[in-house]
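Input: one structure, supplied below.
The values are calculated or read from the model by the stated rules, or taken from the named source; none is laboratory data. Values in this document were obtained by computation on a predicted structure and should not be read as measured data. Every residue, glycine among them, receives a Cβ derived from its backbone with ideal geometry; neighbour counts consider all protein chains shown. When the accessible area is computed, the model is the full protein with side chains, heavy atoms only, and any ligands, DNA or RNA have been set aside. Shrake-Rupley method; radii C 1.70, N 1.55, O 1.52, S 1.80 Å.
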Amino acid sequence: MFIGVISDTHGVFSKEFRDFLEPCDVIWHAGDFGGGMTTAAEIAAFKPLMGVYGNCDNQDLRFDNPLYRYFECEGKTVLMTHIGGYPGRYDRYALQLIERYRPDIFVCGHSHILKVMPDKKRNMLVINPGAAGLQGFHLVRTALRFHIDDGEIHDMEVFNLPRE
């Protein structure tokens, strides 16, 4: 399966991101869609969407996108929530979820900083795709795509777009 991962769109899903994500089978969105239901609906009309809500998302969006998701994808278990952190600096609630579910992959957003790193203590890959939108302090807009086949993650690619 070909996965696209974005976060922190804050109401912007631009053509450059659609082009990068076009070959993907599904998009995982790690919260802060922005734009009410409009941005989420735009992404869902483009590709199947698996999302969670972020701290900036309204109540309407939260009906379809929960605080966190735990699911299986091609032999890997995935935990996704908006505010997460990274090894040694997890958000308290995120750490409770990690300890409860013990996923193979932990996906989060919020920081607007792209990070992909192993948590060796928990034998887990931590993924934060950075920010795809324009709101925030980041200088580069980012997204990720990768394959998961038979329990293996491979061919991860980073998309960078200078923020104007």
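Return the total of residues in the range 86-104 being polar (S, T, N, Q) and open to solvent by less than 50 Å² (accessible area, probe 1.4 Å).
Within the range 86-104, residues that are polar (S, T, N, Q) and open to solvent by less than 50 Å² (accessible area, probe 1.4 Å) number 0.
Quick one: count up the residues across the range 12-70 that are in contact (Cβ under 8 Å) with a residue 40 or more places away in the chain, part of a loop (DSSP other than H, G, I, E, B), among the hydrophobic types (A, V, I, L, M, F, W, C) and touching a Gly at 6+ places or on another chain (Cβ under 7 Å).
4
Out of 76, 47, I need the residue that is in contact with a Cys (Cβ under 9 Å, 6 or more places away or on another chain) and among the basic types (Lys, Arg). Which one?
On inspection, the qualifying residue turns out to be 47.
Follow-up. Out of contact with any Phe, Trp or Tyr (no Cβ under 6 Å at 6 or more places or on another chain), among the polar types (S, T, N, Q) and open to solvent by less than 70 Å² (accessible area, probe 1.4 Å): is that true of residue 77 in this structure?
yes
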